[in-house]
Each structure stands twice: as structure tokens, then as C-alpha cells.
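Read-outs throughout are calculated quantities, based only on the coordinates presented, and are distinct from any laboratory measurement. Computed from a predicted model, the values in this text were never measured in an experiment. Counting neighbours? That spans all protein chains shown, and the Cβs are built from the backbone with ideal geometry, glycine included.
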Amino acid sequence: MDVAQLLAEIDAELRAQGSPERAVQEKAYLKSRLDHYGVSVPAVRAVARKVAKRRPPLDREELLALVEALWVGTVYERRRVAVGLLELCGDRLQPADTGLLERLLRESQTWALVDELAAVVVGGLVERHSELGAVLDCWAGDADFWIRRSALLALLVPLRQGGGDFPRFSRYAEAMLEEKEFFIRKAIGWVLRDTARKRPDLVYAWLLPRAGRASGVTLREAVKPLTAEQAAAVLAAR
């Protein structure tokens with residue numbers, strides 16, 4: 001695979017689908033420091049799918065090289081394609097790749113890149129390699145709130161499906177519950193909300209004695225799937 005040629009093809013396709021008006025709006029909405037072509041999310045995902053379906057398929061080394069090439073520079077949509085490729089080809093990643101993923105998370109500086117990287121890419125890798133829970137333990141205490149948010153969201157998908165490691169999430173959320181950072185408060189509420197869709201009693205039992213410490217943002221998200229009685233009890237306990 002010629003990385004430079006493929007990068008040029010991806011960039012040309014993104015530019016062709018861009019909209020200057022959308023670029024301005026998106027940059028303002030995301031409060032982004034990156035350059036934007038103004039490509040819609042479905043169109044960016046379509047570009048990533050097209051690359052992921054190439055034959056022969058990208059192997060791990062090619063995937064990582066292309067992701068690195070897409071990430072270099074300041075173009076938001078190229079980074080979105082990189083995230084999409086990691087999501088679509090995540091089965092090729094190995095535990096050693098967590099260093100790269102952590103760097104991408106640190107450099108993302110926006111939920112629009114962090115959340116998919118954390119929940120789908122990192123989360124999938126942790127599901128396949130349980131020993132990486134130790135990495136999440138470190139992230140949960142990191143000084144960078146995007147990394148702390150990533151530790152929470154890496155547990156999201158299996159919890160949403162009715163499984164997952166709720167005790168680990170509980171430890172992280174307990175330590176972060178009184179944080180003032182909006183993106184931490186929102187992430188705790190998000191994981192609790194999605195967990196409660198299948199296990200409302202578990203979330204209710206966890207949240208009720210902690211309602212006085214939780215933010216309104218956290219509680220408003222978390223109680224959405226609970227019964228009216230459970231939600232009222234949690235909100236009254238705040």
C-alpha cells in the first residue's frame with residue numbers, strides 16, 4: 001500500500017464533498033481549533049468504509065501507518081476518517097497499540113473524536129484483552145479530563161448491552177462524582193443511563209445513596225430509563 005497516494009485520494013474525496021458554510025458552522029459548534037472541510041458525518045463514514053473494504057485489506061501495520069498519516073496536520077475530517085478506520089478495523093489492533101490510542105485521545109481535544117475512540121476502539125480492545133483494565137485504571141486518575149472521560153466511556157458498550165464491568169465503572173464514577181468538569185459529569189450520567197436501560201434496579205441502587213454528591217447533569221441523564229418512582233426518589237435525595 002502506498003500511504004501517501006491513499007492519503008491524497010482520501011483528502012481529495014473529502015475536499016470534493018466539503019461545504020464552506022458547513023465548515024464554518026461545524027467549527028463554531030465544536031469550538032474547534034482544527035481546520036474543517038465541512039463534510040457531513042455520513043459522508044466521512046462512507047469514505048472510511050470505502051478504504052476499509054479495499055482488497056487486499058489493510059493489515060495492522062498498514063492501518064496504523066494510514067491512521068498516523070491522516071492524523072498529521074490540522075484537518076478535522078481526516079482525523080474522523082482515522083477514527084472510522086480504527087473502528088472498522090479494530091480487530092487488527094493489539095494491546096501494544098494502546099499507547100497510540102492514548103496519544104490520539106490526548107490530541108483530540110473534542111468529544112466528537114474522543115467518544116468514538118474511547119467507547120468503540122479502546123472499549124473493543126479492552127473487551128478482547130482484559131489485562132488492559134490496568135491501563136484504564138491509570139487513565140481514570142489522569143490529569144487530562146479527556147483521558148478520564150475515556151476511561152469511563154471505554155466501559156460503555158458492554159454495560160449498554162447488559163454485561164460489562166460495572167464494579168470498575170463504579171470505582172471510576174465514585175472518584176469523579178464531585179468533579180466540576182461538564183464532560184466528566186455528562187459521561188458518568190451517560191454510562192449510567194445506558195446501563196439502566198437493561199438494569200434499572202442496579203443503577204437505582206447505586207445512584208440513590210450518591211444523589212447528594214452527583215451533579216444535576218449526571219442525574220438528569222441517569223434517571224431517564226428509571227421508573228417514575230425511582231427517578232423521583234433519586235431527584236428528591238439530591
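For segment 1-103, with the dipole built from +1 on Lys and Arg beta-carbon atoms and -1 on Asp and Glu ones, taken about the Cα centre, which of 51, 29, 95 lies farthest toward the positive end?
29
Under a Cβ-only charge scheme (Lys and Arg +1, Asp and Glu -1), can you give me the dipole magnitude of segment 189-229 about the Cα centre, in debye to the nearest 20? Let's see the in-between values first.
Numbers: 8 positive and 4 negative charges, 20 e Å.
The dipole of segment 189-229 has a size of about 100 debye.
Roughly how tilted is helix 60-71, in degrees to the nearest 10 and between 0 and 90, from the longest Cα axis of the chain?
The angle comes out at about 90 degrees.
Considering Cα pairs under 8 angstrom that are at least six residues apart, work out the relative contact order of segment 155-201 and quote it in whole percent. It would help to have the intermediate numbers written out before the result.
Numbers: 32 pairs, mean separation 22.9, N = 47.
Here the relative contact order equals 49 percent.
What is the angle, in °, between the Cα long axis of helix 98-108 and the longest principal axis of the Cα atoms in the chain? Nearest 10 is fine, range 0 to 90.
90 degrees
Is segment 1-143 best put as rounded, prolate or oblate by its Cα gyration tensor, with a ≥ b ≥ c the root eigenvalues, rounded for a/c under 1.5, and otherwise prolate when a/b is larger than b/c, oblate when not?
Numbers: a/c = 2.20, a/b = 1.28, b/c = 1.72.
It is oblate, given that a/c is not under 1.5 and a/b is not larger than b/c.
Could you state the number of Å between the C-alpha centres of segment 180-201 and segment 39-66?
A separation of 31 Å, based on Cα centres.
If I histogram all Cα-Cα distances within segment 91-194 using bins 5 Å wide from 0, what percent of pairs lands in each bin?
2, 13, 28, 28, 20, 8, 1, 0
Ranking request for peptides 63-69, 225-231: highest mean number of other beta-carbon atoms within 10 Å first, then the rest in descending order.
Details: 63-69: 18.9, 225-231: 15.6.
Order by mean packing, descending: 63-69, 225-231.
Once you order the gyration tensor axes a ≥ b ≥ c over the Cα atoms, which shape class does segment 143-234 get: rounded for a/c under 1.5, otherwise prolate or oblate by comparing a/b with b/c? Intermediate values should be presented prior to the final figure.
On the way: a/c = 1.89, a/b = 1.23, b/c = 1.54.
Note, shape of segment 143-234 comes out oblate.
What does the helix-only formula give at 222 nm for the chain: each DSSP H stretch with n ≥ 4 adding -39500 (n - 2.57), the total divided by the residues, and the result rounded to the nearest 500 deg cm²/dmol?
Values: 16 runs with 156 residues, N = 238.
Helix contribution divided over all residues of the chain: -19000 deg cm²/dmol.
In whole Å, what are the extents of segment 18-72 along the principal axes defined by its C-alpha atoms, from largest to smallest?
Cα spread of segment 18-72 along its principal axes, largest to smallest: 38, 20, 13 Å.
Defining a contact as two alpha carbons under 8 Å apart and six or more residues distant in sequence, what relative contact order in percent does the chain show?
Details: 300 pairs, mean separation 28.2, N = 238.
Once divided by the residue count of the chain, the mean separation gives 12 percent.
Working only with C-alpha atoms, what are the Rg and Dmax values of segment 119-166, expressed in angstrom?
Values for segment 119-166 (Cα only, Rg and Dmax): 10.0, 30 Å.
Enter the angle in degrees (range 0 to 90, nearest 10) between the Cα long axis of helix 41-52 and the first principal axis of the Cα atoms of the chain, meaning the one along which they spread out most.
Value to nearest ten degrees: 60.
Please provide three numbers in whole Å: the alpha-carbon extents of segment 192-238 along the principal axes, with the largest listed first.
Principal extents (Cα only, largest first): 24, 18, 15 Å.
Compute the Cα gyration tensor for segment 99-143, then decide on rounded, prolate or oblate, letting a ≥ b ≥ c be the square roots of its eigenvalues: rounded whenever a/c is under 1.5, prolate when a/b is larger than b/c in the other cases, and oblate in all that remain. Before the final figure, lay out the partial values.
Numbers: a/c = 2.11, a/b = 1.34, b/c = 1.58.
Judged from the Cα gyration tensor, segment 99-143 comes out oblate (a/c at least 1.5, b/c at or above a/b).
Which order do the peptides 21-28, 9-16 take when ranked by the mean count of other beta-carbon atoms within 10 Å per residue, highest first? Don't skip to the answer; put the middle values down first.
On the way: 21-28: 14.2, 9-16: 16.0.
The peptides rank, most packed first, as 9-16, 21-28.
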